[in-house]
């Protein structure tokens with residue numbers, strides 16, 4: 001029995017959606033991120049940049065990944081168009097050149113990183129959830145997943161499932177709106193920090209730039225979770241299925257309602273003019289533009305292949321249906337399809353029958 005359990009655990013761990021280019025992308029991004037931090041320290045310490053005007057250098061990892069991805073995918077026409085728009089912006093409107101770079105180049109790098117993170121995390125998370133409510137003790141990672149997705153204790157998590165036939169017939173505006181709301185919640189940290197920090201004046205020239213840089217990293221942490229909504233990952237129930245994505249949204253809302261109240265309080269207490277309103281409005285507009293630009297690139301070049309890889313590997317994660325719904329005309333009836341038929345599954349899935357008290 002112990003050998004079978006080890007085989008099951010290794011079987012789950014072997015499901016990895018990361019390709020060679022994804023692993024390379026992670027390494028390049030990590031190296032560029034470290035280099036950007038070093039450059040940021042040099043700018044602020046040696047060249048006396050403020051802590052805020054030096055932040056655009058932290059967007060370099062996204063810019064490099066974006067350009068490299070266009071080159072690898074041979075999107076030369078797109079690159080030429082971006083270059084032309086950048087040159088026109090530089091000569092006609094020099095102050096908006098960074099906006100162009102963020103929206104047209106960094107957003108492509110963000111879309112690439114969103115896909116890589118989704119590939120790295122999806123099967124790790126569903127694997128952690130599958131046996132969450134039948135294990136005697138959860139490790140730290142499983143407890144974190146349980147908290148984030150708000151998984152109820154009174155549901156059989158072994159019945160985790162998802163849609164395997166996903167067809168995109170139109171642009172997923174609902175997914176874009178969901179991502180926008182999630183990024184908006186996390187952006188409250190930024191706004192609260194701005195309002196309580198006396199060293200920041202929202203009218204300063206550097207504020208828009210560092211705001212955009214921070215939004216890039218917030219989006220990279222928030223947008224990957226949308227894949228659970230795309231594939232409709234859920235825990236089946238005889239009454240109402242539990243959506244993993246809705247569980248995540250519920251956790252976020254409960255966490256950020258107090259922050260929203262704090263934000264309103266600080267806004268009222270520190271309000272000195274229209275500068276604060278302009279700052280919040282500008283942040284909202286840029287968040288929407290960034291998510292729109294990233295979503296267009298993601299859904300055009302990244303999502304289809306990712307979803308196909310997820311659905312193609314589902315049969316490895318779930319070779320057979322594990323748990324029968326006993327809601328039929330005869331609640332005590334069953335047939336051969338209800339019995340797991342593969343040794344790769346966890347032995348805990350099999351029913352243990354006690355026949356000691358059965359009459360001969």
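The numbers here are math on the coordinates, done by the rules we state, and not lab data. Everything numeric in this text was worked out from a predicted model, so none of it was measured. Glycine gets a Cβ as well: all are built from the backbone with ideal geometry, and neighbour counts include every protein chain shown.
Taking the simple approach of a point 7 Å from Cα along Cα-to-Cβ for both residue 163 and residue 189, what is their distance in nm?
About 3.1 nm, to one decimal.
Please order 318, 119 by the number of other Cβ within 10 Å, starting at the fewest. Could you put the intermediate results ahead of the total?
Details: 318 16, 119 23.
So the ranking, lowest neighbour count to highest, is 318, 119.
Return the distance in nm (one decimal) between the two label points of a simple spin-label model at residue 316 and residue 144, each offset 7 Å from Cα along Cα→Cβ.
2.4
Treat each spin label as a single point 7 Å out from the Cα along the C-beta direction, and report the residue 282 to residue 19 distance in nm.
Result for the modelled spin labels: 4.0 nm.
Using Cβ contacts closer than 10 Å as the measure, can you line up 93, 267, 228 from fewest to most? Kindly include the intermediate steps, with their values, before the conclusion.
Working: 93 11, 267 15, 228 23.
In increasing order of surrounding Cβ atoms, one gets 93, 267, 228.
Any chance you could check the Cα centroid distance between segment 108-128 and segment 284-298 for me, in angstrom?
That distance is 19 Å.
Taking only C-alpha pairs under 8 Å that are 6+ residues apart, what is the relative contact order of segment 18-317 in percent?
On the way: 296 pairs, mean separation 71.7, N = 300.
RCO, segment 18-317: 24 percent.
May I have the convex hull volume per residue, in Å³, for the Cα set of segment 18-317? Walk me through the numbers on the way to the answer.
Numbers: hull volume 50.0 nm³, N = 300.
Considering the Cα atoms of segment 18-317, their hull volume per residue is 167 Å³.
Give me 33, 286 sorted ascending by neighbouring Cβ count inside 10 Å, so fewest comes first. Provide the component values of the computation, followed by the final result.
Working: 33 15, 286 18.
Least to most surrounded, the residues fall as 33, 286.
Be a star and scan segment 93-132 for residues whose amide nitrogen sits under 19 Å from the point 7 Å along the Cα-to-Cβ vector of residue 26.
109-129
In percent, what relative contact order does segment 42-147 have, based on Cα pairs under 8 Å that are 6 or more apart in sequence? Provide the component values of the computation, followed by the final result.
Numbers: 62 pairs, mean separation 28.4, N = 106.
Dividing the mean separation by the residue count of segment 42-147 yields 27 percent.
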